[in-house]
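Peer 1: Dropping a structure here in structure tokens format, bear with me for questions.
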Ligand SMILES: Nc1ncnc2c1ncn2[C@@H]1O[C@H](COP(=O)(O)OP(=O)(O)OP(=O)(O)O)[C@@H](O)[C@H]1O
Ligand SMILES: Nc1ncnc2c1ncn2[C@@H]1O[C@H](COP(=O)(O)OP(=O)(O)OP(=O)(O)O)[C@@H](O)[C@H]1O
Ligand SMILES: [Mg+2]
Ligand SMILES: [Mg+2]
């Protein structure tokens, strides 16, 4: 394995899920120790034995998985280990001032005194970014920083990175979003199965080229958008859904065979809609009708019984049992059906899990590997597999391709199409506009807890979506 | 007993896709999970050998049978506690709860004069009801299990005294009752029934934990309660049943101790909970939840009783006994840690 | 004491982007965090009023002062336990550890005849050393805190007996010693010194927890130990110091109980740990770690002692007292839960 | 129903005088018998009685809290069985300064504040047990002690009284071990079995309180060594009485728990009325076995 980063450049690092990108970065930042090999930094050999050493060298990393203390405030998180002191005491006022100044400099809107646990995933990501930039870093490593961000936030992030890059600094940028690479990187290094493949100049290459290096075979250059199929009758109907916290009069219909996309800026309330529907959050008003009959859903178990499944956007906290093995994770939602007189049908269970591992091409030595030992993308596939085996009629996918590589993404898209074609109804929440545009038969756009508009596939464009997404409290639309 | 979730049939492994050394890594995983229990067992064997060398009388069949008998009560409590601990909770009510259930047996058999079987049932049922209340408090009122079961510990203590009128209830009118624990049903064997009851209970607990739905949910709730809930499992209801199940083991312990003492002692039981939890944790069950096994708990309970009995038989002065027990527990758990050696920080 | 992390200065708030009413939601957050403590305080006040109505003698200055005094020992233990619990650990060694430290005070003052100040120091130091050992076991040997401190609980129990020769050590040769706790240094006030020592200790603990690095890292480790380590904090070392700090509060408790009883009682202390932990949890500190405050702990300890004393003074029969305490603890924590009402499942 | 009388001068105000009894324990039958005696005297002498005691006989601090709270209730007299006399001094001083008479009971209070003491001499009682043990095993051989507590006064005295008596008078008897089961029957039974297994030539075991003695009896029964071991106990309790009747246990020393409670409250009532009370009320200890167990004098002091 090899990797060279030059001063003043953004090096993109790409590879399939489980190719070893995160592992390489963890070696670089001193979290793992290499079995052999060496690092040279600014011309001299360095031995990175711990996170602290890496920090001192000027290597700053944003991990793929969050590393935030939920109970501390934003400012406390960013400056942990570097607190301004007033004698023996921490100067919290100065701490918050420092943070505010930092936010102003890099152009993010965060409240330094808010607890991180109260932030959405996207805003937590901004905290991570701010934290990494708060070091006087020479080398900034970003491991899928945009997985939880939507397009405008990605733009902000890219602006931040560009401002960060000088002749003295460099960045390594890992992402599965190919369009971003074009926008931000100078060169692209491709790795596969833990081995170096090639490095390409961004200017002189094409994305299909990069992708074929990644997967080691030629892939179809352009995927054809399939026409919107004929949709069935209304299956799920939501009216006047409100929550105490955010949602106001959300209403929509979901038809048999339909993929309804949900777009919006971060914090628009898309996740909240999903949680409210499956009963994970309490609703303050509103009705839900399923196949023509009013239903009362008080918790996700009821929802699952009714055939509504929700795949959460936060796989680490809400999706996976990290310590448990893959098959346990995949089969979790279906255990209730796989028992005879209460006894588990383990043969059956393992067989089904194995099928899913194959179907989604989850990269693992064994289905009995602990979920935490998989790469981020493969973890995401486990969560998807969990809902595939459950066979729900209504599936709500919240950021289903978060952290999934291009190849796998296509597979997931095919899967969603397939599911829809077989008569399932799908809600797909996504912060990637191209994805929303490509997959949805219809798009609901949200802003500040309301649905501000619906767009049919043929009329939807990025501009129209952004226009609706930035509308504030006026013009909420109902069905 | 073969009761860990990590064990499962080999045959039907689905074909594995893009993996390198499939068969061998599978084997390593399997071996490691076996090792875990072997190591705990090894600690136990080492202890037995050491005590045997110091005082050969330790190894007489009689003494070994007595050690088994002395494992029973804490062991039964630990079985129930294992379930609760794997969900990530803790159960402090098992000690005094046991006293309360033994009083209930006394009320049924002695005060009401009902038949023996009814008394046994009443004890187990009383334990289950107590567990149910714990479960309701924990899952529906969302009270932390530490507090819910601490409160239950106090309430059970008080109720045991109130119901019994602060005096022991004797079972002289139910002649067969003391045979329940102390009878020797298997001719020629010196091991009393209580030991068999314990091992049967352990096997049942093991099967429930590793082979049934409630067992699976016990692990998954402990691994990630939120994810389990979002997977469409009614976590609250299952948790309630898990605590109820745990409570019935407490109830069984109450029956056995009542039978062994031929009386229900309302004032006892405080302090047993820590011993039971210690047995569970020594057996490798994590207080973080998600991990653990019944086999481990049985070994943990045996380690505790071997230790106690061994130190006594080699005449270690009482004040040094607790020092020694403390140190051996540390050692046993440390060895266990070393084996798992997941020594990377931030892991 | 104003020791929650949720409180923060207003001035330097960054503009908040996509939130509706910024100022008002800030205010709500602030109010909510105040409420948290107000509610616990409210439970306490309600208890005092109820007992006062049932028996006016409860409200006599003398009795109130006695209640404060009876809060001191559990309160001091709870202060230390708060730190450990916020890191996500648990400390079972505080009870018998307290006995061991009081024996060490006895050895210093009575056996060695050293001056009073040295004795006090020896007690606190002994506690700190014990905490240090706990810390080393937990952070460097990676033994779960429950097991490490359970072992320490046993070892401390044994050592207290061994060192004291299984008998109380009296302080008759150190005349000023009993004044340490029971003297009334403030003329005209009937409140004994021990109470002031406790409140000063609480203020110090509060400042340490909310204003210093060790306090900040206490929360940080409890919130996410891995992330803290990845942020370049030497988690092991800090954890060791946190346990040491906690231990010194145990040491102080040992000094105070020795002074109050004018003797070091080597046999007592078991069971105090659960009371101390209960006080911490009633005070709103989460056993999951990351959350908690000293103010809460002080209120929690007061609730416990008001409850105990109140039930005695209104002559609730002893067997009913523990039932009542259990129920009130449940109620207090439930009210606390309701307030936080994060009733959504999977959240 | 039983709120404490308010005000200082209950004795004069027509309300019943109030005696707060703080004992060493509560849950054990021994203390329940003391309580019964105290309540009987309460009825007889027209005083209101409350009775409480700490969870274990080790918990000195808890007992002091109870005593302090009792003082807050402005009792007209206090009955007190000190776990540690010195530790109780400040509270006793306060009682004295408020002219609340204190009656010591059980093992007595090492102080001149109590105006009367209704106590058993634990050491003396233990010596009685030793005499009988020695006699029963023929003056030689190995014996063991299962004690209830290592630090409390009663635990120590009952152990030491036995040990001293044996050492002084019976050089051929060896005490092989003293172990402590906390008075818990199950724990004591397990403990006793281990001792027996570890000492095959053991002649006898002495249990220092009800729980310990019953534990020993259980052990002997479970091992089927009824005729091979001499068991000597302390106090009573149904299981122990049965064992003595059936011959598993040779006999035991009993105090007079009911009488202790009765005498304490009686003395308190007298003191409240201003009558003079005996300074030392010996509540005695006696040996009982299968032969005299039903004698009137003995039976009155036994409880089930
Ligand atoms: N602690 C571990 N134990 C065992 N295997 C591991 C561990 N951590 C990572 N792996 C394996 O190493 C490989 C590389 O993982 P890595 O996280 O670096 O992938 P990645 O390229 O970042 O993928 P993604 O795009 O999905 O994030 C994966 O196959 C993963 O299963
Ligand atoms: N745990 C939480 N505590 C407090 N507020 C929260 C929490 N989670 C979300 N919110 C708030 O709820 C609002 C909606 O968040 P939600 O996650 O539903 O948005 P979204 O449209 O799914 O956006 P995204 O997932 O891209 O962040 C936001 O204003 C956010 O600040
Ligand atoms: Mg990765
Ligand atoms: Mg979202």
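What follows draws every value from the coordinates through simple rules; no lab data is involved. Predicted model, so just to flag it, every value in this text is computed and none were measured. A quick note on method: Cβ atoms are made from the backbone with ideal geometry, for glycine too, and the neighbour counts reach across all protein chains shown.
Peer 1: Rounded to the nearest 10 degrees, what's the angle between the helix C:213-223 long axis and the longest principal axis of chain C, both from Cα atoms, 0 to 90?
Peer 2: 60
Peer 1: Using alpha carbons only, how many degrees (0 to 90, rounded to 10) separate the axis of helix C:272-282 from the longest principal axis of chain C?
Peer 2: 20
Peer 1: Semi-axes of the equivalent ellipsoid for the stretch C:195-332, please: Cα gyration tensor eigenvalues, times 5, square-rooted, ordered largest first, whole Å. All intermediate terms of the calculation are to be shown ahead of the outcome.
Peer 2: Values: eigenvalues 194, 72, 35 Å².
Each semi-axis is the square root of five times an eigenvalue, giving 31, 19, 13 Å.
Peer 1: To continue, here is another question. Using the count of nearby Cβ atoms within 10 Å as a rough guide to exposure, how do D:59, D:259, D:242 rank from fewest to most?
Peer 2: Working: D:59 24, D:259 21, D:242 17.
If I rank by nearby Cβ atoms, fewest first, I get D:242, D:259, D:59.
Peer 1: Can you compute the modelled spin-label distance between residue A:53 and residue A:85, with each label point 7 Å from Cα toward Cβ, in nm?
Peer 2: Using points 7 Å along Cα→Cβ, the separation is 2.5 nm.
Peer 1: Report D for the stretch A:25-75 in µm² per second (integer): Stokes-Einstein, Kirkwood Rh on Cα pairs, 20 °C, 1.002 mPa s. Write down the numbers at each step before the final one.
Peer 2: On the way: Rh = 12.3 Å.
This corresponds to a translational diffusion coefficient of 174 µm²/s.
Peer 1: Between the stretch B:145-204 and the stretch A:79-140, how far is it from one alpha carbon centroid to the other, in angstrom?
Peer 2: Using only Cα atoms, the two centres lie 58 Å from each other.
Peer 1: Roughly how far apart, in whole Å, are the Cα centres of the stretch A:234-284 and the stretch A:456-472?
Peer 2: 18
Peer 1: If you put a point 7 Å past Cα along the Cβ direction, how far is that point for residue B:320 from the same point in each other copy, in nm, smallest first?
Peer 2: 5.0
Peer 1: Still on this structure, I have one more. Quick one: Cα centre-to-centre distance for the stretch A:1-42 and the stretch B:288-333, in angstrom?
Peer 2: That distance is 47 Å.
Peer 1: If you fit an axis through the alpha-carbon atoms of helix C:318-340 and take the longest principal axis of the Cα set of chain C, what angle between them do you get, 0 to 90°, nearest 10?
Peer 2: 30
Peer 1: Let me see the pair-distance distribution of the stretch A:9-215: every alpha carbon pair, 5 Å bin width, integer percents in order.
Peer 2: Distribution as computed: 1, 7, 15, 18, 20, 17, 11, 6, 3, 1, 0, 0 percent.
Peer 1: Per-residue ellipticity at 222 nm for chain C, helices alone: DSSP H runs ≥ 4 residues times -39500 (n - 2.57), over residue total, nearest 500 deg cm²/dmol? Provide the component values of the computation, followed by the final result.
Peer 2: On the way: 13 runs with 235 residues, N = 347.
That comes out to -23000 deg cm²/dmol.
Peer 1: Continuing with this model, one more query. In chain D, what is the volume of the convex hull around the alpha carbon atoms, normalised per residue and reported in Å³?
Peer 2: Details: hull volume 36.9 nm³, N = 304.
So the per-residue Cα hull volume is 121 Å³.
Peer 1: Turning to a different aspect of this structure: Once the Cα atoms of the stretch C:76-165 are picked out, what are the Rg and Dmax in Å?
Peer 2: When restricted to Cα atoms, the stretch C:76-165 yields Rg and Dmax of 13.5, 41 Å.
Peer 1: Averaged over all directions, how much area does the convex hull of the C-alpha atoms of chain B cover when projected, in nm²? Walk me through the numbers before you get to the answer.
Peer 2: Details: hull surface 82.4 nm².
Dividing the Cα hull surface by four gives the mean projection, 20.6 nm².
Peer 1: Determine by what factor the alpha-carbon radius of gyration of the stretch A:233-470 differs from 2.2 N^0.38 Å, reporting the quotient. Present the calculation step by step, with values, prior to reporting the outcome.
Peer 2: Values: Rg = 17.6 Å, N = 238, 2.2 N^0.38 = 17.6 Å.
Computed over Cα atoms of the stretch A:233-470, the ratio equals 1.00.
Peer 1: Please report, for residue C:331, the nm distances (one decimal) from its label point, 7 Å out from Cα along the beta-carbon direction, to the equivalent points in the remaining copies, shortest first.
Peer 2: Between copies, matching label points for residue C:331 lie 5.0 nm apart.
Peer 1: Taking the label point as lying 7 angstrom from Cα along the Cα-to-Cβ axis, what are the distances from residue B:113 to the corresponding position in the remaining copies, in ascending order and in nanometres?
Peer 2: For residue B:113, the inter-copy label distances come out at 7.3 nm.
Peer 1: Beyond 29 Å, what share of the Cα-Cα pairs of chain A is found? Please give it as a whole percent.
Peer 2: On the way: 59152 of 114481 pairs.
Here the long-distance tail beyond 29 Å is 52 percent of all Cα pairs in chain A.
Peer 1: Sorting D:84, A:193 on the 10 Å Cβ count, fewest up front, what's the list? The partial results should precede the final answer.
Peer 2: On the way: D:84 24, A:193 14.
If I rank by nearby Cβ atoms, fewest first, I get A:193, D:84.
Peer 1: I'd like to know how the stretch B:49-199 sits against the 2.2 N^0.38 Å rule of thumb: what's its Cα Rg over that expected value?
Peer 2: On the way: Rg = 18.0 Å, N = 151, 2.2 N^0.38 = 14.8 Å.
Cα Rg divided by the expected 2.2 N^0.38 Å: 1.22.
Peer 1: To continue, here is another question. Let me check the size of the protein assembly as shown from its C-alpha atoms; what are the radius of gyration and Dmax in Å?
Peer 2: For the protein assembly as shown, the Cα-based Rg and Dmax read 35.0, 114 Å.
Peer 1: For the stretch C:286-325, restrict the atom set to alpha-carbon positions and state the Rg and Dmax in Å.
Peer 2: Here Rg and the maximum Cα pair distance are 13.5, 40 Å.
Peer 1: What's the minimum Cβ distance from chain C to the axis relating it to B, in whole Å, and which residue gives it?
Peer 2: C:271, 4
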